[in-house]
Every structure is written in C-alpha cells, then in structure tokens.
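Here is the structure we will look at, set down as structure tokens.
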Amino acid sequence: MTGCMTIRGFQIYPERLYLTAQQAILQDLRHVIRQAPMFSPQTPYGKPMSVRMTSAGRVGWISDRQGYRYAPQHPDGGAWPAIPETVLGLWRDLIGMDRDPDCCLINFYGEGARMGMHQDRDEADFSWPVLSVSLGDEGLFRIGNQTRGGKTESIWLRSGGVVVMGGPARLTYHGIDRIRFGSSSLLAKGGRINVTCRVVD
C-alpha cells in the first residue's frame with residue numbers, strides 16, 4: 001500500500017488495495033451482480049450511457065427519462081443486495097465509523113466507454129465524502145473545477161486505486177475520458193469496474 005496524493009482536494013491512494021484485496025472485492029461484487037444484474041441506463045434526454053451499472057445498499061442510483069435519482073429498487077423491481085463487507089471495511093478505514101454509506105454504485109466500463117464531466121450532487125448532505133475504488137483496466141481520471149469549464153488535470157487510475165472526494169472536492173467536476181482496455185489482468189475479459197460509495201440522505 002502506498003501513500004496518498006492530493007489533487008485539487010481529491011485524496012488519491014494510487015495502490016491502496018493489494019491484489020488479494022482486489023480479488024476479494026471483485027468476488028463480492030460478482031455476487032451482487034448475480035442478484036441485481038447490470039443494466040444500461042439512459043440520460044434524461046434519452047441518450048444511452050456507455051457504462052453499464054448496478055448498485056448495492058439501501059438505495060441504488062439510476063438514470064432514465066425521469067431523471068437522475070436514487071431508487072429503493074432495481075429497475076427489474078427487485079431489492080438491492082447489501083453492500084459487501086469488503087467494501088464497507090474500506091469505507092470505515094478511510095471515511096470513519098460514524099455512518100455507513102447508503103449506496104454502493106457499481107459502474108462497468110467496457111472498451112470505448114467513458115464518463116463525461118459531472119458533479120455527484122444527487123445526495124442530500126454534501127458534508128459526507130464519496131469513496132471511489134478502481135478495479136481492472138486503467139482509467140484516465142480528469143479533475144475540473146466547481147463550475148463547468150476552466151483548466152483540468154488528469155491522472156491514470158490503476159486497479160486497486162482509491163479516491164476520496166470530500167471537502168472542497170465534493171462538488172468538483174470530474175470524469176473518465178477513456179480506459180486502457182486490456183491494461184489489467186484482473187478481469188478476464190478486460191474492462192474497468194468503478195465502485196463509489198455515498199451517503200444519500
């Protein structure tokens with residue numbers, strides 16, 4: 001495990017998780033996905049997103065013609081699975097024991113997938129950080145500003161890297177410009193999984 005670097009308030013732990021820890025989280029996420037299958041969301045404007053996603057926890061994040069929001073059920077009507085203990089342990093280590101997250105959002109980036117610049121602002125209380133975990137292929141993480149536009153900085157996030165977005169970084173625009181497909185052997189067929197944990201209300 002390496003130390004922490006800070007870029008525009010984002011606390012970045014480049015190699016926070018050893019391979020065995022990555023594999024343990026991945027195994028738990030596969031169990032979640034079996035219960036709550038990945039789906040392909042649309043933006044409120046009807047444009048399909050290039051990532052596939054699912055969630056664990058009390059609520060899950062969804063996007064469709066009705067907008068971006070947290071929902072108590074998977075789009076197929078089923079309950080969201082519990083957040084895996086491997087993920088909760090990381091949250092408690094880096095964020096604290098005062099409160100566990102309500103949602104663990106799981107995004108899968110296949111070849112060519114990306115995530116445009118955005119703020120995480122569908123939650124009620126921005127005083128709680130967002131915890132982000134990278135598994136699999138490297139992703140080019142771009143960090144902007146608290147308003148759209150302006151100069152940005154980018155860093156490659158590798159498998160096992162963890163980012164904490166709190167304080168001044170909590171409402172900073174950020175995104176994934178691209179992935180280096182096949183740069184990691186963690187996922188047999190390639191791709192990147194990003195796990196983000198949030199306190200919702």
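Laboratory data are not the source of any read-out in this text; all were calculated from the coordinates shown. Fair warning: this is a prediction, and the values are worked out from it, not measured in the lab. With ideal geometry, Cβ positions are generated from the backbone for all residues, glycine too; neighbour counts draw on all protein chains shown.
Structure data summary
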read-out	value
Cα-based Rg of the chain normalised by 2.2 N^0.38 Å, two decimals	0.94
P(r) weight above 18 Å for region 32-83, C-alpha pairs, percent	25 percent
Mean Cα-pair separation over length for the chain, i.e. relative contact order, pairs under 8 Å, 6 or more apart, %	25 percent
Longest DSSP-loop-exposure-free segment, chymotrypsin sites (Phe, Trp or Tyr not before Pro), the chain, at most 12 other Cβ within 10 Å	46-201
Size of region 83-201 as Cα extents on the principal axes (Å, biggest first)	38, 38, 19
